[in-house]
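Please find one structure pasted underneath; my questions will follow.
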Amino acid sequence: MAGALSLAWGVTAHRPALLRQVLRSFSVTAVRNQETGAAVAAASIDSRKSPLILDEKFPDSNSIVVPREAWIETLDTSAASTQVGLIHLHPQVFGANPRLDLIHENVTWQKKFRMVNYAHTKVRSEVRGGGKKPWPQKGLGRARHGSIRSPLWRGGGVTHGPRAYTTHFYMLPFSKRLQGLTATLSAKFAQDDLKIVESLDMPSDEAGYLEQLCENRRWGISVLFVDDSDIMPRNITLASDTLRHMNLMPVYGLNVHSMLKHETLVLTVAAVRRIEERILYHFRRPDLPKENMKRFRM
């Protein structure tokens, strides 16, 4: 009898510990099943749509200078995330030293090379009258003059005055133009004013959609969209048609003045690769003297 009571007491005393162990095993199994299901679901989602990572290797760049990285965004506001991937940028194109002197020379050249002066003044041979000598050379005690249209006279010709259709055209050296592009692109990227999008496709062709998109992304008042082709998508063409502060430009027309005039520069992935291809080609040109490029590098 005493043995039976002691056995019953032992089972009763250890019952809470057994219950805790059983409940713990059930809870751990449930949690593991939930975690396994979540992992399988995430794997299936990732397999359907994986993030776009363009980690291109640049074997020609210096091993010390790491490639620049930028987010790839989308113009579709209904997407789950505005950032759809990551892209590597060449350090010689988007990580150069921002030479302000070269940027200023490029802007000055772009403003002057198409400037034509239309101001015009007449020389003494073009002014009407003055064919007769105003008074005799000697005898009157007056100063000697041969024509009243001399530059010394009021209403006479003008010496060294502006002449119409005078052009201010001059050509900036090729090396300075090339370095000006890389300096401006690098300055835009360093100031976070350079954005990269997957493409210029938009779900709407309304101007308000584009304005609201730029406002939500904090791209500023003026935006320049650059694509690889000069045939832009229909929706963004119609949306930006009535917006003076948002312009479209093909990659072959990209210049320093346009990049500085707009607050934000938006490039497509194809435009980025095209810019890197053309600039790096000119950096490695065998017919371009290396001394010309070394002068503008810090």
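Any chance you could count how many residues in the stretch 66-80 are in contact (Cβ under 8 Å) with a residue 12 or more places away in the chain, open to solvent by 90 Å² or more (accessible area, probe 1.4 Å) and assigned to a loop (DSSP other than H, G, I, E, B)? Give the derivation first.
Filtering the stretch 66-80 for residues in contact (Cβ under 8 Å) with a residue 12 or more places away in the chain gives 66-78.
Next cut, open to solvent by 90 Å² or more (accessible area, probe 1.4 Å) only: 66, 69, 71, 78.
Subset that is assigned to a loop (DSSP other than H, G, I, E, B): 66, 78.
Number of matching residues: 2.
Across the stretch 102-142, what is the number of residues that are open to solvent by 60 Å² or more (accessible area, probe 1.4 Å) and over 30 Å from residue 185 (Cα atoms)?
Of the residues in that region, 17 qualify.
Same structure, new question: Please verify whether residue 221 is closer than 17 Å to residue 258 by Cα and among the aliphatic types (A, V, I, L, M), treating the condition exactly as stated.
Against the criterion (closer than 17 Å to residue 258 by Cα and among the aliphatic types (A, V, I, L, M)), residue 221 qualifies.
So, one more: Given the conditions (1) of a type in the set (S, T, N, Q); (2) within 25 Å of residue 175 (Cα to Cα); (3) assigned to a loop (DSSP other than H, G, I, E, B), which single one is not true for residue 229?
(2)
When you go through (1) open to solvent by less than 80 Å² (accessible area, probe 1.4 Å); (2) among the aliphatic types (A, V, I, L, M); (3) assigned to a loop (DSSP other than H, G, I, E, B) one by one for residue 93, which number turns out not to apply?
Going through the list (1) open to solvent by less than 80 Å² (accessible area, probe 1.4 Å); (2) among the aliphatic types (A, V, I, L, M); (3) assigned to a loop (DSSP other than H, G, I, E, B), residue 93 breaks only (3).
For residue 285, only one of the following conditions fails: (1) buried (at least 16 other Cβ atoms within 10 Å of the Cβ); (2) of a type in the set (Lys, Arg); (3) farther than 29 Å from residue 77 by Cβ. What is its number?
Among (1) buried (at least 16 other Cβ atoms within 10 Å of the Cβ); (2) of a type in the set (Lys, Arg); (3) farther than 29 Å from residue 77 by Cβ, residue 285 violates only (1).
On the given criteria, is residue 150 in contact with a Lys or Arg (Cβ under 8 Å, 6 or more places away or on another chain) and either open to solvent by 60 Å² or more (accessible area, probe 1.4 Å) or assigned to a loop (DSSP other than H, G, I, E, B) (or both)?
It is true that residue 150 is in contact with a Lys or Arg (Cβ under 8 Å, 6 or more places away or on another chain) and either open to solvent by 60 Å² or more (accessible area, probe 1.4 Å) or assigned to a loop (DSSP other than H, G, I, E, B) (or both).
Is one or more of the residues making up the stretch 155-176 exposed (fewer than 11 other Cβ atoms within 10 Å of the Cβ), charged (D, E, K, R), on the phi < 0 side of the Ramachandran plot and in a loop (DSSP other than H, G, I, E, B)?
Within the stretch 155-176 (the criterion being exposed (fewer than 11 other Cβ atoms within 10 Å of the Cβ), charged (D, E, K, R), on the phi < 0 side of the Ramachandran plot and in a loop (DSSP other than H, G, I, E, B)), the answer is no, since none of the residues qualifies.
Can you give me the number of residues within the stretch 96-128 that are part of a loop (DSSP other than H, G, I, E, B), closer than 19 Å to residue 255 by Cβ, aliphatic (A, V, I, L, M) and out of contact with any Ser or Thr (no Cβ under 8 Å at 6 or more places or on another chain)?
Going through the stretch 96-128 one residue at a time, the tally reaches 0.
The values are calculated or read from the model by the stated rules, or taken from the named source; none is laboratory data. This is a predicted model, so every value here is computed, not measured. Cβ: placed from backbone, ideal geometry, glycine included. Neighbour counts: every protein chain shown. For accessibility, only protein heavy atoms count, side chains too; no ligands or nucleic acids. Shrake-Rupley method; radii C 1.70, N 1.55, O 1.52, S 1.80 Å.
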